[in-house]
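No value in this document is a laboratory result; all are computed from the given coordinates. Please read these numbers as outputs of a predicted model, since none were measured by experiment. When we count neighbours, we look across all protein chains shown, and the Cβ atoms used for this are built from the backbone with ideal geometry, even at glycine.
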Amino acid sequence: MNPSVLLAVAILAGCASLDQSACSNAYETGFRDAIFGLQRQDDLYAPACTRQGARIDVARYAEGWQEGKYEFDRRKLQGGVD
């Protein structure tokens, strides 16, 4: 199966299972997304959170994502070994 299709399915599945905890813990959600090598997903989370009556703090999400991206890149450089 095409890797792009798999990624799209994974993202959609993640949005479907988004809960209020993920919305209220924007930093952790951003960090998690980046550490798994995902692009920023805040534009997908914002409407999903709104539908659940929550609001995602996009600035905190971006901070978490950036920190997770640094960690993801560091691990790639080290070959995944700490």
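If Lys and Arg each add +1 and Asp and Glu each add -1, what is the summed charge of the other residues whose beta carbon sits under 14 Å from the beta carbon of Arg60?
Here the charged neighbours net out to -3.
In a shell of Cβ-Cβ distance under 13 Å around Ser21, excluding Ser21 itself, what net charge do Lys and Arg (+1) and Asp and Glu (-1) give?
Once all neighbours under 13 Å are counted, the net charge is -1.
With an 8 Å cut-off on Cα pairs and a minimum separation of 6 or more residues, tell me the relative contact order of segment 20-77 in percent.
48 percent
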